[in-house]
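Following: one structure in structure tokens, then a few remarks.
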Amino acid sequence: MILLKINDEYHDSVFRIQKENRVLDTGNYIMNFYLFFYRKIVEKDDKLSIIMNDISVDSKNYVLVNLLDFEQVIKELYYKKGSLLYEYVNVKIMKSYDCFDLTFFTDIYNECCNCFRDTFVAVSPVVEENLIKLIQNFYQFSVDYSDCETIYRFIFEILKLVMEENPLKKYIIFYNSEILHFDFSKFDNCYSFDVAKNYEFKNYNFMIGETVFREIHWDIVFAEIERLWPNAYRFDKIYSYLEKYFNYYFFRKKIILSEQDEIILATILNKIFDLKKNLIFDFSSLDNNVQSFLTAL
């Protein structure tokens with residue numbers, strides 16, 4: 001587990017994440033979480049502090065990659081500064097540096113030396129450092145993204161090379177596995193946040209709410225539900241309600257309920273996760289002990 005601390009003039013949060021995170025977003029709040037990293041890594045906001053396992057997140061050592069939707073995925077294949085393709089081209093050039101015929105650089109260097117031979121000016125070659133800049137000024141690079149399979153293949157190849165060739169950099173990747181399927185576990189320098197909504201609920205390990213960022217430990221959640229449950233408790237029955245809740249209700253802000261056990265469960269989950277779900281049900285139809293429980297909860 002990775003201890004993550006976020007602090008600015010409005011937030012002071014401490015929680016744990018994993019290298020690979022599947023995110024339960026309670027209501028389109030992923031942008032709030034993403035913006036912390038964007039402000040720190042891209043905008044270099046000095047008013048914001050992000051600490052991961054006692055190491056500060058900054059623009060020098062961390063790279064933020066946004067693959068949350070189709071448009072962002074395509075933009076990473078544009079050859080412009082900051083895109084994955086741009087970084088990929090730079091890496092490929094430097095890996096192939098020894099294969100370039102640099103005779104013309106040598107000729108220019110020799111001419112410069114002759115030009116300043118009888119002066120106090122010293123001339124030093126910096127060919128390698130300026131090779132990328134020269135190519136960037138003279139060439140444009142593009143990929144064929146006429147179909148989705150081609151796009152996905154290129155994105156995977158680019159990510160793989162870039163992360164492997166920059167082992168000292170840490171990559172913070174936001175993505176949706178319903179769009180892109182990629183195994184980030186093989187890369188030690190990568191932290192990923194998957195916002196897909198198609199997983200079984202117990203496979204999510206991180207929750208984002210209006211004011212809450214927190215890790216999820218389902219064994220603790222199950223134990224807390226059992227502790228709070230006001231009636232006779234059967235795990236298999238409650239588990240089936242949990243599946244229904246996360247499959248059909250969780251991503252809604254307003255939830256209309258009629259079954260008593262579903263009402264109890266939704267209310268308990270509101271409390272455990274500090275959710276702001278608007279639960280709508282007929283209070284008078286509930287057993288007296290359940291009414292008392294909900295009132296006191």
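The values are calculated or read from the model by the stated rules, or taken from the named source; none is laboratory data. Fair warning: this is a prediction, and the values are worked out from it, not measured in the lab. Positions of Cβ are backbone-derived with ideal geometry, glycine not excepted, and every protein chain shown enters the neighbour counts. Accessible surface is based on the protein model in full, side chains and every heavy atom, while ligands, DNA and RNA are left aside. Shrake-Rupley method; radii C 1.70, N 1.55, O 1.52, S 1.80 Å.
Can you tell me which residue within the stretch 258-277, out of those that are among the hydrophobic types (A, V, I, L, M, F, W, C) and under 23 Å from Asn289 (Cβ atoms), is surrounded by the fewest Cβ atoms within 10 Å (Cβ to Cβ)? Here the answer is Ile272. Within the stretch 228-257, residues that are open to solvent by less than 70 Å² (accessible area, probe 1.4 Å) reach partners that are not in a helix (DSSP H, G or I) with beta carbons closer than 6 Å, at six or more positions or on different chains, in the pairs Tyr249/Ile255; Ile255/Lys277; Ile255/Leu279; Leu257/Phe281. Which residue is farthest from Val195 (Cα to Cα), if the candidates are limited to the stretch 9-54 and must be of a type in the set (D, E, K, R) and assigned to a strand (DSSP E or B)? Here the answer is Asp12. For the stretch 26-37, the tally of residues that are open to solvent by less than 20 Å² (accessible area, probe 1.4 Å) and modelled with pLDDT of 90 or more stands at 3.
If you go through the stretch 16-54 and keep only what is more than 18 Å from Ile173 (Cα to Cα) and out of contact with any Ser or Thr (no Cβ under 8 Å at 6 or more places or on another chain), you end up with Thr26, Gly27, Asp45, Asp46, Lys47, Leu48, Asp54. Of the helices (runs of 4 or more DSSP H) lying entirely inside the stretch 193-297, those carrying at least 1 residues that are polar (S, T, N, Q) and out of contact with any Asp or Glu (no Cβ under 8 Å at 6 or more places or on another chain) are 235-244, 260-273, 288-296. Among the conditions (1) touching a Phe, Trp or Tyr at 6+ places or on another chain (Cβ under 8 Å); (2) modelled with pLDDT of 90 or more; (3) within 27 Å of Ser13 (Cα to Cα), Val212 misses just one, which is (2). Residue check: Lys19 meets all listed conditions (1) of a type outside the set (A, V, I, L, M); (2) closer than 12 Å to Phe206 by Cα; (3) open to solvent by less than 20 Å² (accessible area, probe 1.4 Å) but one, namely (3).
Among the residues making up the stretch 81-96, those that are in contact with a helix residue (DSSP H, G or I) (Cβ under 6 Å, 6 or more places away or on another chain) and open to solvent by 40 Å² or more (accessible area, probe 1.4 Å) are Glu87, Tyr88.
Restricting attention to the stretch 164-207, the residues being open to solvent by 70 Å² or more (accessible area, probe 1.4 Å) and more than 17 Å from Met1 (Cβ to Cβ) number 12.
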